[in-house]
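Chemist: A single structure is presented below for examination.
The values are calculated or read from the model by the stated rules, or taken from the named source; none is laboratory data. In this text, all values refer to a predicted model and were calculated from it rather than measured experimentally. Positions of Cβ are generated from backbone atoms using ideal geometry, with glycine treated the same way; all protein chains shown enter the neighbour counts.
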Amino acid sequence: MSHHIVEARDLEFCYPDRTEALRQISFTIRHGESVAIVGANGAGKSTLLLHLNGYLTPSAGQVRIGDCLLTRDTLNEVRRTVGMVFQDPDDQLFMSTVFDDVAFGPLNLGLTPEEVKKRVEDALATVGVSELADRPPHRLSTGQKRRVAIASVLSMSPDILVMDEPTAGLDPRARRRLIELLASFTHTKIIATHDLDMVIDLCERTIVMHAGEIRADGPTDEIFANEALLHQCRLELPLRMQGCPVCSQGGAARRK
């Protein structure tokens, strides 16, 4: 793969009921970038992510990973490069133990048992849950499941991480730990999320989607400074950028 560039060109997608989910989506993401994809519910974020490693096939347009056009013939090669972490970790964890879940991908690559064991141990250590190797996934907390789901992707040694709402359902401490973990990765990261404060922490670039279209694409600080854009796309300012309502009321009272 040439520099692991992710490129979409004139991407369109209609569901079987003829709902238009994506309209003329085009962008290029280069090696090492951390890019957020934000938008209200129904904007098309998750549908777009599912095109980036072939879970969905576009109605029109194309996806290219590096110098490789995503087709049925290149699907396996692309999926070795693009690791997908789903919004619900229960969609990703299905084996009887954490070790087996993380080993599933490497085993399907035909690696030796020794190499599989090393990849599993390294992936679990990277996300800080080595002690969970023998635990059944259904007995884990949401935060633990999220880390194991990421480990199951890392064990495939991808160059690009694609994540759908990685902080959803996490308590504040688990959320902070996950953000710190993701910040430590040198992978190209593409993150669809409603957590705009996380975007400030992790992503120097933000793509705003609305009604299946890209409405803006640029530096995160510039995107979040455009309150008119956020309002049009049914988004709120990140919490840390919102003024304190109590302080604002106190200031207004003192000015009277």
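Chemist: How about the stretch 202-218: which of its residues are in a strand (DSSP E or B), under 18 Å from the mean Cα position of the chain (by Cα) and within 24 Å of H187 (Cα to Cα)?
Modeler: R205, T206, I207, V208, M209, I214, D217, G218
Chemist: If R176 satisfies all but one of (1) basic (K, R); (2) at pLDDT below 95; (3) closer than 30 Å to G54 by Cα, what's the number of the condition it fails?
Modeler: Condition not satisfied by R176: (3).
Chemist: OK, next. Is it true that some residue in the stretch 108-127 is over 29 Å from V6 (Cβ atoms), without any contact (Cβ under 8 Å) to a residue 12 or more places away in the chain and outside any helix (DSSP H, G or I)?
Modeler: Yes, the conditions are met somewhere in the stretch 108-127.
Chemist: Another question about this same structure. Does R64 satisfy the condition of being under 19 Å from the mean Cα position of the chain (by Cα), surrounded by fewer than 18 Cβ atoms within 10 Å (Cβ to Cβ) and within 26 Å of L181 (Cα to Cα)? Walk me through how you get there before you give the answer.
Modeler: On the way: under 19 Å from the mean Cα position of the chain (by Cα): yes; surrounded by fewer than 18 Cβ atoms within 10 Å (Cβ to Cβ): yes; within 26 Å of L181 (Cα to Cα): no.
For R64, the condition - under 19 Å from the mean Cα position of the chain (by Cα), surrounded by fewer than 18 Cβ atoms within 10 Å (Cβ to Cβ) and within 26 Å of L181 (Cα to Cα) - is not met.
Chemist: Among (1) touching a Gly at 6+ places or on another chain (Cβ under 7 Å); (2) at pLDDT 95 or above; (3) crowded, with 21+ Cβ neighbours inside 10 Å, where does C233 come up short?
Modeler: Single failed check for C233: (3).
Chemist: Considering only the stretch 128-145, state which residues are touching a helix residue (DSSP H, G or I) at 6+ places or on another chain (Cβ under 7 Å) and outside any helix (DSSP H, G or I).
Modeler: If we filter the stretch 128-145 for residues that are touching a helix residue (DSSP H, G or I) at 6+ places or on another chain (Cβ under 7 Å), which is where we start, we get 128-130, 132-135, 137, 140, 143-145.
If the condition is that a residue be touching a helix residue (DSSP H, G or I) at 6+ places or on another chain (Cβ under 7 Å) and outside any helix (DSSP H, G or I), then G128, V129, A133, D134, R135, L140 are the ones that fit.
Chemist: Sticking with this one: For the stretch 112-141, name all the residues that are exposed (fewer than 15 other Cβ atoms within 10 Å of the Cβ) and of a type in the set (S, T, N, Q).
Modeler: T112, S141
Chemist: Go through the stretch 145-164 and give me each residue that's crowded, with 20+ Cβ neighbours inside 10 Å and out of contact with any Pro (no Cβ under 7 Å at 6 or more places or on another chain).
Modeler: Across the stretch 145-164, the qualifying residues are R147, I150, A151, S152, V153, L154, P158, I160, L161, V162, M163, D164.
Chemist: Now for a different question. Would you confirm whether or not the stretch 180-199 contains a residue that is more than 30 Å from H231 (Cβ to Cβ), touching a strand residue (DSSP E or B) at 6+ places or on another chain (Cβ under 6 Å) and in contact (Cβ under 8 Å) with a residue 12 or more places away in the chain?
Modeler: Among the residues of the stretch 180-199, at least one is more than 30 Å from H231 (Cβ to Cβ), touching a strand residue (DSSP E or B) at 6+ places or on another chain (Cβ under 6 Å) and in contact (Cβ under 8 Å) with a residue 12 or more places away in the chain, which makes the answer yes.
Chemist: Is it fair to say V102 is among the hydrophobic types (A, V, I, L, M, F, W, C), within 19 Å of I191 (Cα to Cα) and surrounded by 15 or more Cβ atoms within 10 Å (Cβ to Cβ)?
Modeler: Working: among the hydrophobic types (A, V, I, L, M, F, W, C): yes; within 19 Å of I191 (Cα to Cα): no; surrounded by 15 or more Cβ atoms within 10 Å (Cβ to Cβ): yes.
Judged against the criteria, V102 is not a match.
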